[in-house]
1. In the set 151, 140, 162, which member is of a type in the set (Gly, Ala, Ser) and farther than 30 Å from residue 23 by Cα?
2. Identify, from the list 136, 177, the residue that is under 15 Å from the mean Cα position of the chain (by Cα) and outside any loop (DSSP other than H, G, I, E, B).
3. Which residue, of 72, 114, 87, 67, is assigned by TED's automatic domain parsing to the domain that holds residue 146, of a type in the set (S, T, N, Q) and either modelled with pLDDT of 95 or more or surrounded by 13 or more Cβ atoms within 10 Å (Cβ to Cβ) (or both)?
4. Answer yes or no as to whether residue 38 is free of Cβ contacts under 8 Å to residues at least 40 places away in the same chain and more than 25 Å from residue 160 (Cα to Cα).
5. With the structure loaded, tell me whether residue 128 is surrounded by 12 or more Cβ atoms within 10 Å (Cβ to Cβ) and either out of contact with any helix residue (DSSP H, G or I) (no Cβ under 6 Å at 6 or more places or on another chain) or at pLDDT 95 or above (or both) or whether it fails that test.
6. Which ones in the range 55-88 are part of a loop (DSSP other than H, G, I, E, B) and among the hydrophobic types (A, V, I, L, M, F, W, C)?
7. Within the range 11-25, identify whether any single residue is closer than 30 Å to residue 159 by Cα, of a type in the set (S, T, N, Q) and surrounded by 16 or more Cβ atoms within 10 Å (Cβ to Cβ), and answer yes or no.
8. Applying the selection to the range 90-111, what residues are among the aliphatic types (A, V, I, L, M), closer than 21 Å to residue 64 by Cα and modelled with pLDDT under 90?
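The values are calculated or read from the model by the stated rules, or taken from the named source; none is laboratory data. Quantities reported herein were computed from a predicted structural model and do not represent experimental measurements. All Cβ positions, glycine included, derive from the backbone under ideal geometry; neighbour counts span all protein chains shown.
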Amino acid sequence: MTFSKYANDWLNQRTDLAERTTELYRHVLASTSVGPWHVTLAGLSPTTIRLWHAKISKDHPATASKSYRLLSSIMRAAVAEGFIATSPCKVEGAGAEHAAERPIATVDEVELLSRAMPEHLRIVVQLATWCQLRRGEILGLRRMDVDLKRGEIQIFQSRTFGMDGKQILKLPKSNAGRRTISVPPTVMNELIRHLESFTAPIRNPW
């Protein structure tokens with residue numbers, strides 16, 4: 001069996017994966033940078049994997065790490081199912097990502113960024129900075145999730161988009177993800193102005 005066929009079969013059976021994750025894995029497997037996956041499972045030697053990883057990690061280290069982790073997971077499954085005796089993924093540390101430390105914006109920089117945004121998007125900067133909301137959580141917010149009396153936001157869902165532009169709504173992965181956020185008074189004032197200016201006055205999803 002070729003790696004390509006086995007990998008696609010493996011992915012089709014992973015019903016536990018989120019839709020966006022499955023889409024990402026398919027993209028990685030379809031990418032020409034992934035490697036010579038037309039060969040058989042047994043034909044993927046440690047040397048083949050090492051050379052492939054070295055080639056793409058030189059210019060795209062993050063892509064190389066993500067692709068290697070996916071490859072390693074697939075090959076472990078192949079071992080468990082008896083298609084191969086041992087995994088050829090033996091490049092030490094190949095799946096680890098070493099991202100550079102990200103700078104932290106100052107209060108003044110946050111304010112400048114907020115002012116530079118189109119008026120209907122300024123609240124996004126405030127919510128991301130002072131309420132620590134993720135991109136998907138902000139996109140998933142509805143008017144009904146905002147409690148103006150208590151000054152709180154309830155996180156019930158996140159909203160992302162597939163590579164084809166299709167909207168994907170997801171529930172939090174854990175109970176910790178479904179939570180209530182206390183909004184600072186200054187941010188709540190901005191949020192109230194945003195709701196009055198850019199959203200419908202009724203309690204509908206958008």
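1. Numbers: 140 fails: farther than 30 Å from residue 23 by Cα; 162 fails: farther than 30 Å from residue 23 by Cα.
Step by step, each of 151, 140, 162 is checked, and only 151 is of a type in the set (Gly, Ala, Ser) and farther than 30 Å from residue 23 by Cα.
2. Checking each option against the conditions leaves just 136.
3. The match here is 114.
4. Judged against the criteria, residue 38 is a match.
5. For residue 128, the condition - surrounded by 12 or more Cβ atoms within 10 Å (Cβ to Cβ) and either out of contact with any helix residue (DSSP H, G or I) (no Cβ under 6 Å at 6 or more places or on another chain) or at pLDDT 95 or above (or both) - is met.
6. Quick first cut of the range 55-88, residues part of a loop (DSSP other than H, G, I, E, B) only: 58-60, 81-88.
Across the range 55-88, the qualifying residues are 83, 84, 85.
7. yes
8. 94, 96, 99, 100
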